[in-house]
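Inspection log for the structure reproduced underneath, given as structure tokens.
Nothing in this text is a laboratory measurement; each read-out follows from the coordinates by a stated rule. All values derive from a computational prediction rather than experimental measurement. Methodologically, a virtual Cβ is constructed for each residue, glycine included, from the backbone with ideal geometry; neighbour enumeration extends over all protein chains shown.
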Amino acid sequence: MTTAVPSARLGGLYGLYFAVVALSIGWFGPFFDSLGFSAPQIGLAIGVLTGSKIIAPYLWGTLGDLLPNRLRVVQIGIIGATLAASLLLIDVDFIGLCLVLLLFGLFWNAIIAQLDTLTLEYLTTEHHRYSSIRVWGSIGFIMMMLGSGWLFSDVDYAVLPWLIIIGLLLSAMISFGLPARPETHLTSADHTGIGDRLRHLPVLLFFAVAAVNQLTHGPLNVFFTLYVQAHGYTAFEAGQLWALGVFAEVVLFFVLPQFIRSMDLRVLLTVSLALGSLRWILIGAYPDWPWLVIGLQLLHAFTFGAIHSVSIEFIRRWFPGKLSGRGMALYSGFVFGLGGSLGAMLSGLLWESFGGSLTFMLSGLMTGMAAMIAWFGLKKANLGVQSS
């Protein structure tokens with residue numbers, strides 16, 4: 001029996017998930033700053049949050065591969081994250097803040113990798129439609145960033161935890177309305193172990209390239225709002241800049257499904273990394289040029305949107321069937337966990353020592369190196385055009 005893809009409800013979950021991401025990425029820095037924490041403390045605390053992705057997604061992914069319905073993992077993650085987010089309402093010291101963010105991350109990281117895997121399971125052979133559902137995450141991010149930018153122009157950052165809790169509660173409601181996913185059938189590739197996949201050099205290189213790309217997003221994810229405010233932009237304008245970047249990502253997500261099956265994804269990955277290098281260097285050099293910053297924000301379509309789409313397709317090709325949950329979790333843990341946490345921590349230390357401009361420029365140099373590794377090192381990474 002064929003089960004209809006619950007696109008609207010999956011899109012709603014993505015929208016709410018990334019609305020909460022917008023709140024954390026856009027406003028955790030100013031929120032913690034308003035509580036009196038220093039830049040290194042903010043970087044370390046957010047590094048603890050992202051660092052929880054190193055191990056947690058794999059544990060949840062293993063559980064998802066074993067359970068008859070991995071939707072249960074998503075639901076547990078949402079409920080646990082809601083309870084942990086409520087602890088942000090308590091006045092804590094720096095150690096307490098790190099512990100709260102660690103607990104939040106342990107549950108929060110159960111959601112997105114398993115939601116991605118669940119979406120691909122619903123889509124079955126129509127996997128190229130992934131980005132047309134995932135795009136609602138970007139739309140949710142835009143709406144929340146614009147709304148919160150307007151809100152925090154006049155309202156104290158103390159309401160931030162309440163907004164996160166409300167978003168998570170709405171996510172829980174939607175998740176309990178999803179139908180059972182279609183039955184999946186094993187292929188011969190499903191019987192190979194996860195360790196066998198990790199013995200392939202292209203897999204390790206791809207994870208390394210993707211992790212470096214996420215690491216170089218550290219200054220953006222932790223300090224971009226504070227950075228542009230320090231150069232004369234208002235909170236509302238900072239929110240608009242965030243929204244603009246993700247709007248460009250939305251356009252790409254709508255367009256990409258028409259071409260992704262006929263593209264050499266190594267070329268797309270390399271070009272996107274090269275554009276990322278340009279983005280960080282110019283943001284560091286010319287933050288006072290509003291029109292240039294606006295143009296550079298449009299490159300988010302490539303530095304995140306295109307690279308994430310390539311990554312999802314890479315995981316689908318290399319980790320099929322019963323390896324899918326753990327493959328997606330390994331990707332999430334290594335890239336967003338290890339890469340993201342190192343990016344947050346290093347950006348906090350560099351920001352304190354050298355300032356924002358130089359931190360962004362160093363990120364640009366690292367992204368340029370990743371582009372060269374992608375071009376020369378991923379020729380055998382199974383990223384070429386595949387027949388339908």
Inset, instruction - Could you compute the FRET efficiency for THR124 and SER86, with r as their C-beta to C-beta distance and R0 at 41 Å, rounded to 0.05? - result: 0.60
Legend entry - Gap separating the Cα centres of segment 336-359 and segment 93-155, nearest whole Å: 22
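If a/c stays under 1.5 just call it rounded; otherwise compare a/b with b/c (prolate if a/b is bigger, oblate if not). Do that for segment 323-388, with a ≥ b ≥ c from the square roots of the Cα gyration tensor eigenvalues.
Values: a/c = 4.11, a/b = 1.68, b/c = 2.45.
Cα axes put segment 323-388 in the oblate bin.
Treat the count of other C-beta atoms within 10 Å as a stand-in for reagent exposure and order SER7, SER262 from fewest to most.
Details: SER7 15, SER262 10.
Ascending number of Cβ neighbours within 10 Å: SER262, SER7.
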Legend entry - For segment 156-171, Karplus couplings with θ = phi - 60° (6.51, -1.76, 1.60), whole Hz, Gly/Pro x: 5, 5, 5, 7, 3, x, 5, 5, 5, 4, 4, x, 6, 5, 5, 4
Inset, instruction - Please give every one of the aspartates and glutamates within straight-line cross-link reach of LYS53, meaning a C-alpha to C-alpha distance under 19 Å, and leave out same-chain neighbours fewer than 8 residues apart. - result: ASP65, ASP116
Legend entry - For segment 239-388, Kirkwood radius (reciprocal of mean inverse C-alpha pair distance, Å): 16.6
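Any idea what % of Cα-Cα pairs in segment 1-155 are farther than 26 Å?
Details: 3837 of 11935 pairs.
Value for segment 1-155 (Cα pairs over 26 Å): 32 percent.
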Inset, instruction - Enumerate the aspartates and glutamates that LYS379 could reach by cross-link, defined here as Cα to Cα under 15 Å, with residues fewer than 8 away along the same chain left out. - result: ASP264
Inset, instruction - Calculate the dipole size of the chain relative to its Cα centre from +1 charges on Lys and Arg beta carbons and -1 charges on Asp and Glu beta carbons; express the result in debye to the nearest 20. - result: 1260
Legend entry - Hz values of 3J(HN,Hα) by residue in segment 301-315 - Karplus curve (6.51, -1.76, 1.60), Gly and Pro given as x: 4, 9, 5, 10, x, 5, 5, 5, 5, 4, 5, 4, 5, 4, 5
Legend entry - Alpha carbon convex hull of segment 9-69, projected area averaged over orientations, nm²: 5.4
Legend entry - Selected from SER131, ALA39, ILE164, residue furthest toward positive end of dipole (the chain; charges at beta carbon): SER131
Legend entry - Dipole of segment 1-133 [Lys/Arg +1, Asp/Glu -1 at C-beta], most positive-end residue of THR117, LEU89, PRO68: PRO68
Legend entry - Difference of contour (0.36 nm per residue) and Cα-Cα distance, LEU66 to LEU169: 34.5 nm
Inset, instruction - Could you run the Karplus curve 6.51 cos²θ - 1.76 cosθ + 1.60 with θ = phi - 60° over segment 345-358 and give me ³J(HN,Hα) per residue in whole Hz, x for Gly and Pro? - result: 5, 5, 5, x, 5, 5, 4, 5, 8, 10, x, x, 4, 5
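Need one word for segment 269-341: rounded, prolate or oblate. Basis is the Cα gyration tensor (sqrt eigenvalues a ≥ b ≥ c); a/c below 1.5 gives rounded, then a/b vs b/c decides. Spell out each step's value before the answer.
Values: a/c = 3.78, a/b = 2.50, b/c = 1.51.
Taking the square roots of the gyration eigenvalues as a ≥ b ≥ c, segment 269-341 is prolate.
Treat the chain as a sphere of radius equal to its Kirkwood radius over Cα pairs and apply Stokes-Einstein at 20 °C in a medium of 1.002 mPa s; give the translational diffusion coefficient in µm²/s, rounded to a whole number. Spell out each step's value before the answer.
Details: Rh = 20.8 Å.
Approximately 103 µm²/s, per Stokes-Einstein.
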Legend entry - For segment 59-121, alpha-carbon Rg relative to the globular expectation (2.2 N^0.38 Å, N residues): 1.26
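Rounding to the nearest 20 debye, state how big the charge dipole of segment 203-340 is about its Cα centre with +1 on each Lys and Arg Cβ and -1 on each Asp and Glu Cβ. If you can, show how the numbers build up before the last one.
On the way: 7 positive and 5 negative charges, 125 e Å.
Charge dipole of segment 203-340: 600 debye, to the nearest 20.
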Inset, instruction - Can you put GLU352, GLU313 in order of Cβ neighbours within 10 angstrom, beginning with the fewest? - result: GLU352, GLU313
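Expected output is a single nm value to one decimal: the length gained when fully extending between ALA158 and THR234, i.e. 0.36 nm times separation in residues minus the C-alpha distance. What is it? Before the final figure, lay out each step's value.
Values: separation 76, 0.36 × 76 = 27.36 nm, distance 1.83 nm.
Net length gain for the segment: 25.5 nm.
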Inset, instruction - Once you've got the GNM for the chain with C-alpha springs shorter than 10 Å, pick whichever of VAL48, VAL209, VAL92 has the biggest mean-square fluctuation. - result: VAL92
